[in-house]
Amino acid sequence: MHHYSDIGGKRISIWVTSILLLGGYNSLKYKYFFWRVLDTGNLQDEEVFVLLYAIAWVELRCISFSLDYVDKLEQRENIKDKENLVHISTWDDLISMFSYVLYLPVLFVGPIILYEEFEKSFHVKNENILLRLKRFIWDMMIFLMYTFLLELAFHYIYFFALQSQLKAVYSMPSLALCGGGLWMGLEFHMKYVISYGTTAAYSRLDNIEPPPTPRCIARIHVYSQMWRYFDVGLYRFLLKYIYKPIFAILSKNIALSKISYKLIASSITFMFIFMWHGTMWNIFIWSLLNYAGIVMEYFGKAVASSEKYAQFRNKVLRTEAMETRFIAFLCAPLLGLSAISNFYLFAGTEIGNVYFGLLKWPSLYNCTIVYLSLYCSCHVAIALQHVSSRTDVKKIEHKTDN
């Protein structure tokens with residue numbers, strides 16, 4: 001059991017050290033420090049990028065191991081029957097740390113596997129190796145097929161190349177830009193399905209259960225689901241080590257409403273997201289818009305749980321089907337804002353600004369077509385929100401507080 005309400009000096013030291021290292025890493029990264037140090041003539045730019053990605057993932061795994069290690073020490077101290085405790089040497093702890101932090105399949109591209117999940121593999125009864133190999137071969141065939149299809153699409157669709165040709169982007173019709181935005185989202189999703197899925201296939205060979213691969217963005221219509229189901233490993237990390245502890249500390253020490261605890265805990269969580277993804281302007285806008293979307297969701301859920309909404313539902317909407325249509329109608333603008341915020345992440349500030357410019361005095365025809373498309377997308381997402389993905393092993397927590 002995690003004592004979220006008592007952060008303790010050890011945890012504070014871990015977080016202070018981690019934030020300082022993360023801040024130093026980001027500041028040096030954008031000053032080309034790593035390029036000057038690593039540019040020995042033997043490394044290509046792609047290899048330097050891969051190394052920088054690895055450092056970011058190692059940072060998360062170090063935090064996970066350190067905080068879980070502190071929890072484990074506290075649990076051992078609270079056990080009364082200390083005579084029967086199995087002694088674990090410092091050497092054993094070091095081996096466990098390095099085997100987790102430098103675990104090769106997920107070292108460079110993720111996903112993040114929490115240390116407690118990684119540690120479970122030490123005690124899992126080995127399945128038949130033939131069954132695991134069969135699953136591995138099947139998964140690799142699927143992801144190789146995805147890779148081939150994505151490369152084939154890149155051969156004919158050059159929308160990402162247009163990012164360096166802003167004049168061409170500005171000259172595109174609004175509906176063409178919307179199609180390009182959808183393509184960026186689908187490409188981003190497929191890239192992570194392939195990278196996370198491939199590394200996950202290797203992890204399963206070691207009896208390590210990885211997080212599910214990202215859900216298709218066409219099945220997601222609100223911000224909270226994007227965070228919960230796209231990068232599940234990162235979501236679990238943020239929930240366990242940042243959101244829940246902050247929520248518990250606030251609720252124990254400060255008298256506020258429950259939604260205030262959620263908003264403050266979420267804001268601190270998004271500050272970490274901003275720092276980890278990179279302290280750049282487009283990342284800041286993306287993080288800020290995501291937080292704004294989460295805030296709107298919180299207030300929407302608060303309104304939906306009120307008595308006035310219950311009366312409105314019973315007297316006006318009446319049926320579940322009408323309520324679904326009403327929710328889809330309200331969520332359509334939120335889905336549009338979610339898409340635009342992600343364009344800042346995918347393509348940078350200038351492209352994101354182009355899409356925000358579409359909101360200025362759109363034509364009635366374009367507005368109708370786009371809103372109708374978003375409305376239909378929300379309907380599809382609502383219908384499929386409880387349908388598990390192929391790689392889902394267990395239901396992901398829907399509650400984000402104690």
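Applied to segment 317-324, the Karplus parametrisation 6.51 cos²θ - 1.76 cosθ + 1.60 on θ = phi - 60° returns per-residue 3J(HN,Hα) values of 6, 6, 10, 5, 5, 5, 5, 4 Hz, with x for Gly and Pro.
Considering only TYR170, TYR298, TYR223, the Gaussian network model of the chain with Cα springs below 10 Å gives its largest mean-square fluctuation to TYR170. One equal scatterer on each Cα of segment 175-291, no solvent, Debye formula: the resulting log10 I(q)/I(0) at q = 0.15, 0.18, 0.22 Å⁻¹ is -0.84, -1.08, -1.31.
For TYR170 and LEU364, FRET efficiency with R0 = 25 Å and r from the beta-carbon atoms, rounded to 0.05?
Details: r = 22 Å, r/R0 = 0.87.
That gives a FRET efficiency of 0.70.
Per residue, how big is the convex hull of the chain when only Cα atoms are used? Give it in Å³.
197 Å³
Full extension of the chain segment joining ASN314 with THR279 gains 7.9 nm, where the gain is 0.36 nm per residue of separation less the Cα-Cα distance. Taking other C-beta atoms within 10 Å as the exposure proxy, TRP91, TRP15 rank TRP91, TRP15 from fewest upward.
Relative to the current alpha-carbon distance between GLU46 and LEU182, full extension at 0.36 nm per residue lengthens the span by 46.3 nm. Note on LEU131 and SER388: with the Förster distance fixed at 22 Å, the Cβ-Cβ geometry gives a FRET efficiency of about 0.60. Taking label points 7 Å from Cα along the Cα-to-Cβ direction, LEU20 and ILE254 give a separation of 2.5 nm.
We did not get these values from a lab; they are worked out from the coordinates using the rules stated. Predicted model, so just to flag it, every value in this text is computed and none were measured. Note: ideal-geometry Cβ built from the backbone for every residue, glycine included; neighbour counts use all protein chains shown.
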